[in-house]
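Data first, discussion second: the structure below is written as structure tokens.
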Amino acid sequence: MYAPPVSEDKITGRPFYRSKGFELLVLIVVGVVVAAGVRTYLLQTFYIPSGSMENTLLLNDKVLVNKLIYRFRDPHRGEVIVFEPPTSWGAGPGEQEYIKRIVGTPGDHVICCDPQKRITVNGQALDEDYLYPGDAPSDDTFDVTVPAGRLFVMGDHRSDSADSRAHLDSDLGTVPISRVAGRAFAIYWPASRWTSLSVPKTFAAVPAAG
């Protein structure tokens with residue numbers, strides 16, 4: 001009985017499943033799957049939609065966010081994080097994420113301000129040379145002990161940041177760690193602003209929460 005031949009690639013004479021076209025298709029599919037996995041579980045890019053982190057981050061800067069790091073360790077003071085705002089902040093469903101700096105971690109006692117108008121964490125004053133030029137550490141006073149599983153966050157442009165200070169009447173303005181998407185660790189665009197987002201040295205002097 002006559003059996004029709006296996007479908008051939010007319011250019012190479014090879015079966016289609018062994019052709020260069022098929023190999024390219026497989027590579028494209030694998031690339032899309034890998035890219036989706038990286039974006040979901042490992043690395044994501046975000047753009048800066050406001051001036052609340054100036055001059056550390058400028059409007060329309062693009063940052064790289066490590067989405068995996070907090071699966072292996074807790075967030076640290078001084079790190080810049082991207083997070084989904086708590087519903088108590090008045091954010092609607094699907095509202096874009098916020099980006100702020102961690103000032104207090106669980107158990108920390110965060111106060112504004114000492115006699116020199118500095119924020120203190122566990123009794124240690126912060127020398128915040130990263131703040132927007134001319135900004136005070138805070139125009140609002142507060143005395144917060146950060147609850148377990150939550151973070152106290154602030155923007156570097158203190159006079160233009162709706163952060164934990166604006167929501168002290170709800171969970172002391174703190175953000176659940178479970179709503180943190182990841183740590184912003186570098187500016188990658190525009191290319192002229194490429195830099196890592198390191199933790200300011202002042203946080204190294206903060207003692208552990210009592």
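The values are calculated or read from the model by the stated rules, or taken from the named source; none is laboratory data. Bear in mind that the values here come from a model prediction, so they are computed numbers and not experimental data. We place every Cβ from the backbone using ideal geometry, glycine too, and count neighbours over all the protein chains shown. Protein only, heavy atoms only, side chains kept; ligands, DNA and RNA dropped before computing areas. Shrake-Rupley method; radii C 1.70, N 1.55, O 1.52, S 1.80 Å.
In table form, for the structure just shown:
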quantity: Subset of the range 49-68 (residues that are at pLDDT 95 or above, closer than 27 Å to residue 137 by Cβ and surrounded by 14 or more Cβ atoms within 10 Å (Cβ to Cβ)); calculated: 51, 52, 53, 54, 56, 57, 61, 63, 65
quantity: Qualifying positions in the range 78-98 - within 20 Å of residue 170 (Cβ to Cβ) and not in a loop (DSSP other than H, G, I, E, B); calculated: 81, 83, 87, 88, 89, 98
quantity: Residue within the range 86-93 that is modelled with pLDDT of 95 or more and on the phi < 0 side of the Ramachandran plot present; calculated: no
quantity: Wholly enclosed strands (runs of 3 or more DSSP E) of the range 100-210 bearing at least 2 residues farther than 19 Å from residue 81 by Cα, open to solvent by 20 Å² or more (accessible area, probe 1.4 Å) and free of Cβ contacts under 8 Å to residues at least 60 places away in the same chain; calculated: 142-145
